[in-house]
Amino acid sequence: MVNFLIPQVLVGAMQMPGTIEQHREWGERAFERLKKDALPPSPENYALFFCYFAQRIPDLNMSIDELTKQFGVVTQEQCNHLYTAHLGVEAEKHWLEHANTALEAEMRKILELLGVANQGTDRFGKTLDSFAGQLNKVPALDSLKTIVDRVTQETRVITEQNTRLQTQLSQSTQQMSELRYNLDKVRQESLIDPLTEVGNRKFFQNGIERLIAEAMEAMMPLSLLMIDIDHFKQFNDTHGHLVGDQVLKLVGKTLLESIKGRDMVARYGGEEFAVLLPQTPLDVGTLVGDQLRNLVGTKQITRRSTGESLGVITMSIGVAEYRSGESALQLIERADRNLYKAKQEGRNRVVAWEGE
């Protein structure tokens, strides 16, 4: 049996149900399918076939089955299209639109209920007006009893109607609360990298734009760290993608546990991470980068199946401080150049060169 951890997979706002053994089985079958189709076990490909064997997205299963029937295997290009359509940003957009439609439906239901209540109240008011008018010309006790019985009946009707309205409104309120919770959850999870559980590229892009705006307004410093795991491809090829994923998870967890306050960490792509340090000048950012590098360097990588030690991780880091008036892309490019310089100078170091 293959030993590996199944990553958290976001499928809209759904929680993937099933026992631990079922999750393990789906994961193993997904891994075997990737090998069969000669596909790299990237997080996206893995998530795609994990969902396929879990059978929670009928359209996805139908598409994969049709492609397999036609071509025998699913290509990487086809996987990319499938991921975008069923698990990517467009799928998230579709789910958000669905949630919005459901919220609108609940609001319309509430308005209809209020309309019914208003009609009932209006009818009750007219009955009371009629009762008041008839009291002025009551000829006998029997007639008065008839009028009182009628008003009693109308009171009972409006009371029952209001009780039903209260129950229905309570149910609609609960349904809207659940929809809002799911909507907030899918928005939050859409910003998380499912493998490392740190922010993803979208999270980073949103964060850097917001922090640059804040830095400009408050005239405060902002530093960016671009981090790359040294020799990751070689490590991945030597020890396998599952161990490579273990390394990425360890680095992501270490970075996330080491940042403070409003600092932000994200997986920028592949083996590259980014850390945003608001209210932090270049010299302090450089110091933080060196602390992170040293901290990750103390972590031992072991093969889980055997306990064999595979060595330690080193990182190269480029640091740049935001310059007034520059774009997010310009800041990223300067930090990236320093990262490249750190690799050129021998790796496992921090470079904060301020030249062009």
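Quick one: in the range 282-356, what % of C-alpha pairs are over 20 Å apart? Walk me through the intermediate numbers first.
Working: 1124 of 2775 pairs.
The answer is 41 percent, as a whole percent.
Under a point spin-label approximation (7 Å from Cα along Cα-to-Cβ), what is the GLU160-ASN80 distance to one decimal in nm?
6.5
With a probe of 1.4 Å, find how much accessible area the range 226-337 has per residue, and write the answer as a whole number in Å².
Values: 5080 Å² over 112 residues.
Averaged over the residues of the range 226-337, the accessible area is 45 Å².
On the Cα set of the range 264-307, report Rg and Dmax in Å, please.
14.1, 45
Run the numbers for THR302 and LYS36: contour at 0.36 nm per residue of separation, minus the present Cα-Cα distance, in nm.
Values: separation 266, 0.36 × 266 = 95.76 nm, distance 2.74 nm.
That works out to 93.0 nm of additional length.
Starting from the Cα of TYR340, step 7 Å along the direction of its Cβ; do the same at GLN70; then give the gap between the two resulting points in nm.
Using points 7 Å along Cα→Cβ, the separation is 4.0 nm.
Report the far tail of the P(r) of the range 211-351, meaning the percent of Cα-Cα pairs longer than 20 Å. List each step's numbers first, then the result.
On the way: 4481 of 9870 pairs.
Of all Cα-Cα pairs in the range 211-351, 45 percent lie more than 20 Å apart.
Say the cut-off is 25 Å between C-alpha atoms; which of LYS36/LYS69; LYS249/LYS343; LYS36/LYS233; LYS253/LYS343; LYS69/LYS249 go over it? Intermediate results must be reported in sequence, preceding the final value.
Working: LYS36/LYS69 15 Å; LYS249/LYS343 22 Å; LYS36/LYS233 22 Å; LYS253/LYS343 23 Å; LYS69/LYS249 36 Å.
Over 25 Å apart, Cα to Cα: LYS69/LYS249.
Pulled fully out, how much extra length does the chain show between GLN234 and LYS260, if you take 0.36 nm times their separation in residues and subtract their Cα-Cα distance?
Details: separation 26, 0.36 × 26 = 9.36 nm, distance 3.21 nm.
Full-extension gain reported as 6.2 nm.
The values are calculated or read from the model by the stated rules, or taken from the named source; none is laboratory data. Values in this document were obtained by computation on a predicted structure and should not be read as measured data. No Cβ is skipped: glycine too gets one built from the backbone with ideal geometry, and neighbour counts run over all protein chains shown. The protein model used for the area step is the full one, side chains on, heavy atoms only, and it has no ligands, DNA or RNA in it. Shrake-Rupley method; radii C 1.70, N 1.55, O 1.52, S 1.80 Å.
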